[in-house]
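Enquirer: Encoded as C-alpha cells, here's the structure I'll be asking about.
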Amino acid sequence: MTGSDLVLTSLTKRFSGFTAVDDLDLTIAEGSFFALLGPSGCGKTTTLRMVAGLEEPTEGTVTLGGEDITRLRPYRRPVNTVFQSYALFPHLTTFENVAFGLRRRGLKQVKSQVEEMLELVELGQYARRKPAQLSGGQQQRVALARALINRPQVLLLDEPLGALDLKLRRQMQIELKRIQTEVGVTFVHVTHDQEEAMTMADTIAVMNGGVIEQMGAPLDLYEHPASTFVSNFLGQSNLAAGTVLERDGDRLLLDVHGSRLVAPVGRARVHQGDVWVGVRPEKVFLGAVGEEDHDDSNLLRGGVVTDVSFVGVSTQYLVRMSWGQELMVFEQNTGARTSFRPGDEVDLHWLPGHTFVLDASQDAAAGVETVDEA
Amino acid sequence: MTMAMAHGRRWLGDRLVLGYALLVLLYMILPVLVVILMSFNDPASRQSYSFDGFTWNNWSDICGPYQLCSSVEESLKIGLLATLVATALGSLMAFAMVRHHFRGRSVANIFIFLPMASPEIVLGSSVLALFVSAGFAGVLGFWTIFLAHVMFCLSFVVVTVKARLSGLDPRLEQAAMDLYANEWQTFWRVTLPLVFPGILAAALLSFSLSFDDFIITNLNSGQTVTFPMFVWGAAQRAIPPQINVIGTIMFVLALSLVVLGELGRRRQSGR
Amino acid sequence: MSTAAAHLGPGEQQAPSGDTSQKRGWTGYLLMLPGALWLLVFFVIPTVTLVSTSLYDPSGSILTGYQMTFHWQNYVDAVQGYGPQLWRSFGYAGTATVACVLLGFPLAYAIAFKSGRWKNLMLVLVIAPFFTSFLVRTLSWQLLLGDNGVTVDVLRWLHVLAPDGHLLATPFAVVTGLTYNFLPFMVLPLYASLEKIDHRLIEAGGDLYAGPFTTFRTVTLPLAMPGLVAGTLLTFIPAAGDYINAELLGTPNTRMIGNEIQDLFSGGSYPVAAALSVTLMVTIVSLVFVYVRRSGARDLV
C-alpha cells in the first residue's frame, strides 16, 4: 500500500431488507484510472457515494493514504465528485461554480486558478454564463473542472457521460483519459457501459449484486473471464454445455454435445464435472462443410446459418447447432471471401487457446443485456 | 370534411375560446378600472354612486377623511409584523416537513391544511372564543389581530415554501458538501438562495392576506381600526373617494412588484 | 442515456442516485415547534373553545361570566332560528361556485393552451384584482350594479330588466359579488392542473379518432380533475361563510349565515353564535368529505 492508495475493507451497505454493497474489499492504486463497471442496481454508485461521504456504510472502512476516512463528513475528505446530473449550482456563473470549492477552503485569490482550469476544459469564454445557458457537453466539463480544481487525492465520476450523445461521449472519453494522464489524479469512474470502461480504465472491477465478480486490466478481464456474468457483460460470449472427460497435462479434454474440444488448464476455472465451454464470437471462424482440415482447432460440425447481419466492420452470424443452441460468430469484413447466407451449412472452428471453461452452476444468461435493459 | 373545413373549424373553436376568455378577463378587470376611475371622482353628495366630476383633490388630500390614514398605518404595521413572524415560522416548518424526519407528519399536514379550508367566520369566531374565555375580552386590539393573522398566514407560507423546497434537487446540496462546504455554508450559499424566491412569494402572499383581511380582524379588533374595517364603516355611512385612491395605490404598487419580479427573473436566467 | 433510473431492482428506490433519506435527529421537531405551537394555541385550542362555548348557558354574558351546562339546546335554537340563512348561504355559495366554473374553466383552458406568448400577461390579469382591497372592489360593484350605473341602464334599455327593476340589493348582486371575488381561486388551480397535461395526450386522443369534444370529455377533463376539485373547494368554502358581499350588495332578505354569526358575536350572544359557527363548520367539512371521496381526488395538501 503506497502513498494515497484508496482501500475499501469489508465495505457493506444495507438498506431495509436489501443489501446494496456486500462485504467489498478493494484497493485502488494511486494515480490509476479505475473503473467500477456493472449493470444498474449492482451497487457501484452506492460504493462511490460511500467513498465520497454522501452515504454512511453499515459496516467496513474506507482508507485513503493510510488514514481512515470512513466517518468523515464529505467536506473533510480530499475527495471530489463529478455527479451524473452534473449538479451545477444554477444560481452561480460558471466561474463561481468552478471557484466554489476553493472559496469554501478559504482561498481569496481564485481568479488565475479558475481561469487556468477553464482553459484546460476549453470553456474559457463561458466563464460568465450560468449553467442553464450551457449545452450538456459544456455542463459536463464545468462539473469536471469544478471537481478537479481542488486537486483531490481521488476524483469520483458517477456515470458522467451518460447524458451525452454518442459522438460527444467518445470525444469526452478521450478527453478524460488525457486529463487524467496529465494531472495524475486517481480517477474512480462508475459506469454501466463496458466499452467505455475498457477504453478508459487501467483497471476494471466488475460488480454484480453488491459484490465484485472480477477485477483486473481490461484485456485480462476480457480474455480470461472468471464467471459467466463477466464473460457476457464484457463483450459477448458463446457458452455451450459440456463435460470434462480428462486432464491431459496442461490441457483439458472436453465433450460438448458429442464433439471433442480442448481447452488450456490455465483458462479453466473448473477442472472436472459439468462445465460451460466458452469462446468469444470474434475468435470463431466459419467454414463450409467439409472445406478444410482443421487439425489443431476445436471443431464443431453441423451448424446452419440462421441470421446474417452486416455491421460495416464485421458480419455477425447466428448459427444453429445440432443441439438447438444458436452460437454467435463475428467475422471481420476483410474482403477475403464472400459472406455466408442464411441456410448455409457450416462448421465452426477456433484455436483451442481461445477456449475458456467456467463453472456450470452459474447462470449462462447472467450479464446478457436484454431488450428491457437497453 | 375537407382539410380546409376542419382547419377552419379548429380556428373558429380556438377563437371562440380565446374570445370568451378575454371577456371573462375584462369582467375581472372592470371593477379595478372603476376603482381607479373613481379615485378621481368629485362626489356631488355624500351618498353619490356615480362619477360626478374629475378632480385631483382626492390624491392631494389623501389623509383628509378622519381615520383613513391611521387605519392604513395600522394595517401596514400589523401586516409587516405578521408577515415577518408567519414567514419565519412557516419556513422553518416547511424545512422540517421536506428535509427532516419527525413523527406525526400526517397529523401536522392536516392541521396546516385546515385553516386554509375553513371559512374566515369560523376561524375568527374561534379565536375570539379563545380570547373571551381567557379573559381578554377587554383588551382586543392590535395584538389580538396580530396573533390571529399569523395563525392563518402560517398555512399559506408552509404550502408555498414547501412547494419550492420540494423542487430543489438534494444533489445540489450534496455537491456543495462534496466541495468542502459544511452544513451551515451549504445552507447559506446553496439552499437558501435557491429557496428564497419561494420564501419571498410566501411573504408577499402573507402580507396581502393580512392587509386585506376583514372578517377575522373585525371580530377580534376591539377599538382598533384597520383599513378594511375603515372601508366597511365608510360603506355604512359615506364613502370618501380617497378609499379608491388607496385602492389604486395598492394596485399600482403590487403591479410594479410583479413586473419588476418578472424582469428580474428574466435577467437572472440570462434571457 | 443512463438506464439507472429506468431499471431499478427491488428495494433500489432507497439506494438512490442522489436522493437522501430525511435527516434524523431532533432538528425536525425543533423546526416544527414554534409554528406548531402557534397553530396549537391559536387554531386547535380555539376550535375546542368554540365547541365548548357553544355549550355554554346562553343566559350568561361577558360581565356575569358563562356557565358550562352542556346546553345542547343552543344548537337547536341556532338551526331553528337561522335555518333559512344556512340554506341561503349554501345556495348562494353553490351558485357562485357553478358560475365560477362556467366562467373560469374556459379562461383557465385558454391560458393553458391557447395563449401563446400572452400567457404571463393573462395570468397577471387574473391575479390583478387581488391587488386592490377586497372591500374596495366589492364597493365598486355597488357602483357597477347601481341604479345610476351603465349596466342597469343598458339592461333596462334591452328590456331584460323592468323599467323600475334594479340589480343592486338582490340575490343576483350578492352572487355576482361572490363569483367575482372568488373567481381567481377557481382559475389558478384549474390552470395549474391543465398546464401539467402533456399536450401529446390530447394529440393521442385525436390520433385515436376522437373529435375535439370527445377528446375534451375523455382526456382533458379527467386530467384536470384535481384542479377542478381544488378550485371548487377553494371557492365554495370561503363563499359559504362570507358576509361582506351580502351586506354591501344585498338586503336584509339576502342575509347569509356569516352576517348572523357576526351580529350575534358583536351582540354578545356567544353561545348561540358559537353553536351556529360549529354547525357551519361541521356541515362544510361533511360536504367536503363526501365531495372529495366521490370525485376520487386525494392528496390535496
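The values are calculated or read from the model by the stated rules, or taken from the named source; none is laboratory data. Only a predicted model underlies this, so the values are computations on that prediction, with no experimental measurement involved. Please note: Cβ atoms are built from the backbone with ideal geometry, for glycine as well, and neighbour counts cover all protein chains shown.
Enquirer: Could you check segment A:228-251 and list, in sequence order, the residues that are within 20 Å of A:VAL284 (Cα to Cα) and of a type in the set (Gly, Ala, Ser)?
Expert: A:SER231, A:GLY235, A:SER237, A:ALA240, A:ALA241, A:GLY242
Enquirer: Failed condition for A:GLN194, given (1) buried (at least 18 other Cβ atoms within 10 Å of the Cβ); (2) under 26 Å from A:PRO74 (Cβ atoms), with all others met?
Expert: Single failed check for A:GLN194: (2).
Enquirer: Of these, A:VAL7, A:VAL51, which one is β-branched (Val, Ile, Thr) and crowded, with 19+ Cβ neighbours inside 10 Å? Full working, then the answer.
Expert: Values: A:VAL7 fails: crowded, with 19+ Cβ neighbours inside 10 Å.
Selected residue: A:VAL51, the only one of A:VAL7, A:VAL51 that is β-branched (Val, Ile, Thr) and crowded, with 19+ Cβ neighbours inside 10 Å.
Enquirer: Here is a follow-up. Quick test for you: out of B:ALA129, B:ALA108, B:ALA117, B:ALA134, pick the one residue that is facing chain C (nearest Cβ under 9 Å), farther than 26 Å from B:ALA203 by Cβ and surrounded by fewer than 24 Cβ atoms within 10 Å (Cβ to Cβ).
Expert: Answer to the check: B:ALA134.
Enquirer: Of all residues in segment C:86-128 being at pLDDT 90 or above and among the polar types (S, T, N, Q), which is farthest from C:PRO184 (Cα to Cα)?
Expert: C:SER89
Enquirer: Quick check on segment B:219-250: of everything there that is surrounded by fewer than 22 Cβ atoms within 10 Å (Cβ to Cβ) and within 8 Å of chain C (Cβ to nearest Cβ), which residue is nearest to the chain's Cα centre (by Cα)?
Expert: Restricting to residues being surrounded by fewer than 22 Cβ atoms within 10 Å (Cβ to Cβ) and within 8 Å of chain C (Cβ to nearest Cβ), the top hit is B:MET250.
Enquirer: Further question on the same structure: Taking the criterion of being part of a loop (DSSP other than H, G, I, E, B) and at pLDDT below 95, would at least one residue in segment A:169-182 satisfy it?
Expert: Initially, segment A:169-182 is screened for residues part of a loop (DSSP other than H, G, I, E, B), giving none.
The answer is no, given that none of the residues of segment A:169-182 is part of a loop (DSSP other than H, G, I, E, B) and at pLDDT below 95.
Enquirer: Moving on. Is there a residue being on the phi < 0 side of the Ramachandran plot, in a helix (DSSP H, G or I), of a type in the set (S, T, N, Q) and in contact with a Ser or Thr (Cβ under 7 Å, 6 or more places away or on another chain) anywhere in segment C:94-101?
Expert: yes
Enquirer: Which one is nearest to C:THR251 (Cα to Cα) among residues in segment C:137-172 that are in contact (Cβ under 8 Å) with a residue 40 or more places away in the chain, within 14 Å of another protein chain (Cβ to nearest Cβ) and assigned to a loop (DSSP other than H, G, I, E, B)? Lay out the reasoning, then the answer.
Expert: Quick first cut of segment C:137-172, residues in contact (Cβ under 8 Å) with a residue 40 or more places away in the chain only: C:137-139, C:141-142, C:145, C:168-171.
Narrowing the set further to residues that are within 14 Å of another protein chain (Cβ to nearest Cβ) leaves C:137-139, C:141-142, C:145, C:168-169.
Still in the list and also assigned to a loop (DSSP other than H, G, I, E, B): C:168-169.
Values: C:LEU168: 9, C:ALA169: 5 Å.
Only one residue fits best here, namely C:ALA169.
Enquirer: In addition: Is it true that some residue in segment A:346-355 is among the small types (Gly, Ala, Ser) and surrounded by fewer than 17 Cβ atoms within 10 Å (Cβ to Cβ)?
Expert: yes
Enquirer: Let me ask something else about it. Is there any pair with a first residue in segment A:225-252 that is more than 16 Å from A:SER361 (Cβ to Cβ) and hydroxyl-bearing (Ser, Thr, Tyr) and a second that is at pLDDT 90 or above and part of a strand (DSSP E or B) whose Cβ atoms are under 6 Å apart and which are 6 or more apart or on different chains, and what are they?
Expert: A:SER237/A:GLY278
Enquirer: Also, quick follow-up: For segment B:155-194, name all the residues that are of a type in the set (Gly, Ala, Ser) and either at the interface with another protein chain (Cβ under 7 Å from one of its Cβ atoms) or under 19 Å from A:GLU55 (Cα atoms) (or both).
Expert: Pass one, segment B:155-194, residues of a type in the set (Gly, Ala, Ser): B:155, B:163, B:166-167, B:175-176, B:181.
Hits for segment B:155-194 are B:ALA175, B:ALA176, B:ALA181.
Enquirer: Here are some residues: A:VAL305, A:VAL329. Which one is over 26 Å from A:ASP250 (Cα atoms), out of contact with any helix residue (DSSP H, G or I) (no Cβ under 9 Å at 6 or more places or on another chain) and modelled with pLDDT of 90 or more?
Expert: When all the criteria are applied, what remains is A:VAL305.
Enquirer: Take C:GLY241 and decide whether it is more than 12 Å from every other protein chain (Cβ to nearest Cβ) and surrounded by 21 or more Cβ atoms within 10 Å (Cβ to Cβ).
Expert: Details: more than 12 Å from every other protein chain (Cβ to nearest Cβ): no; surrounded by 21 or more Cβ atoms within 10 Å (Cβ to Cβ): yes.
Taking the combined requirement at face value, the residue does not satisfy it.
Enquirer: Taking into account only those residues within segment B:12-29 that are of a type outside the set (Gly, Ala, Ser), farther than 20 Å from C:ALA99 by Cβ and within 7 Å of chain C (Cβ to nearest Cβ), which is nearest to the chain's Cα centre (by Cα)?
Expert: B:LEU18
Enquirer: If you don't mind, another one. Quick check on segment C:187-209. Is at least one of its residues surrounded by 21 or more Cβ atoms within 10 Å (Cβ to Cβ), within 10 Å of another protein chain (Cβ to nearest Cβ) and assigned to a loop (DSSP other than H, G, I, E, B)?
Expert: no
Enquirer: Restricting attention to segment C:244-258, which residues are within 9 Å of another protein chain (Cβ to nearest Cβ) and not hydrophobic (A, V, I, L, M, F, W, C)?
Expert: C:GLU247, C:GLY258
Enquirer: Hey, another quick one. Could you go through segment A:153-165 and let me know if any residue there is closer than 23 Å to A:LEU26 by Cβ, under 11 Å from the mean Cα position of the chain (by Cα) and within 14 Å of chain C (Cβ to nearest Cβ). Break it down into steps so the answer makes sense when it comes.
Expert: Just the residues of segment A:153-165 that are closer than 23 Å to A:LEU26 by Cβ, to begin with: A:153-162.
Among the residues that remain, those that are also under 11 Å from the mean Cα position of the chain (by Cα) are: none.
Among the residues of segment A:153-165, not one is closer than 23 Å to A:LEU26 by Cβ, under 11 Å from the mean Cα position of the chain (by Cα) and within 14 Å of chain C (Cβ to nearest Cβ), which makes the answer no.
Enquirer: Is it the case that some residue within segment A:271-292 is touching a residue at least 40 places away in the same chain (Cβ under 8 Å), assigned to a strand (DSSP E or B) and loosely packed, with under 13 Cβ neighbours inside 10 Å?
Expert: Within segment A:271-292, one or more residues are touching a residue at least 40 places away in the same chain (Cβ under 8 Å), assigned to a strand (DSSP E or B) and loosely packed, with under 13 Cβ neighbours inside 10 Å.
Enquirer: Is segment C:248-257 home to any residue that is of a type outside the set (Val, Ile, Thr), assigned to a helix (DSSP H, G or I), buried (at least 22 other Cβ atoms within 10 Å of the Cβ) and touching a helix residue (DSSP H, G or I) at 6+ places or on another chain (Cβ under 8 Å)?
Expert: So far as segment C:248-257 goes, yes, one or more of its residues are of a type outside the set (Val, Ile, Thr), assigned to a helix (DSSP H, G or I), buried (at least 22 other Cβ atoms within 10 Å of the Cβ) and touching a helix residue (DSSP H, G or I) at 6+ places or on another chain (Cβ under 8 Å).
Enquirer: Just wondering, is there one or more residues in segment C:283-293 that are surrounded by 20 or more Cβ atoms within 10 Å (Cβ to Cβ), under 28 Å from B:ASN220 (Cβ atoms) and touching a residue at least 60 places away in the same chain (Cβ under 8 Å)?
Expert: no
Enquirer: Cβ-Cβ distance below 9 Å, separation of 6 or more or different chains: which pairs start in segment C:232-248 with a residue that is among the charged types (D, E, K, R) and end on one that is part of a loop (DSSP other than H, G, I, E, B)?
Expert: If the second residue must be part of a loop (DSSP other than H, G, I, E, B), the pairs left are C:ASP242/B:PRO119; C:ASP242/C:MET256; C:GLU247/C:ARG255; C:GLU247/C:MET256.
Enquirer: Could you figure out which of (1) within 14 Å of chain B (Cβ to nearest Cβ); (2) surrounded by 22 or more Cβ atoms within 10 Å (Cβ to Cβ); (3) within 15 Å of A:VAL190 (Cβ to Cβ) isn't true of A:SER85?
Expert: (2) is the only condition that A:SER85 fails.
Enquirer: Please go through segment A:57-75 and give me each residue that is in a loop (DSSP other than H, G, I, E, B) and surrounded by fewer than 14 Cβ atoms within 10 Å (Cβ to Cβ), ordered by number.
Expert: A:GLY66, A:ARG71, A:ARG73
Enquirer: Out of all the residues in segment B:46-90, which are among the acidic types (Asp, Glu), surrounded by fewer than 16 Cβ atoms within 10 Å (Cβ to Cβ) and closer than 18 Å to B:PHE207 by Cα?
Expert: Residue satisfying the conditions is B:GLU73 alone.
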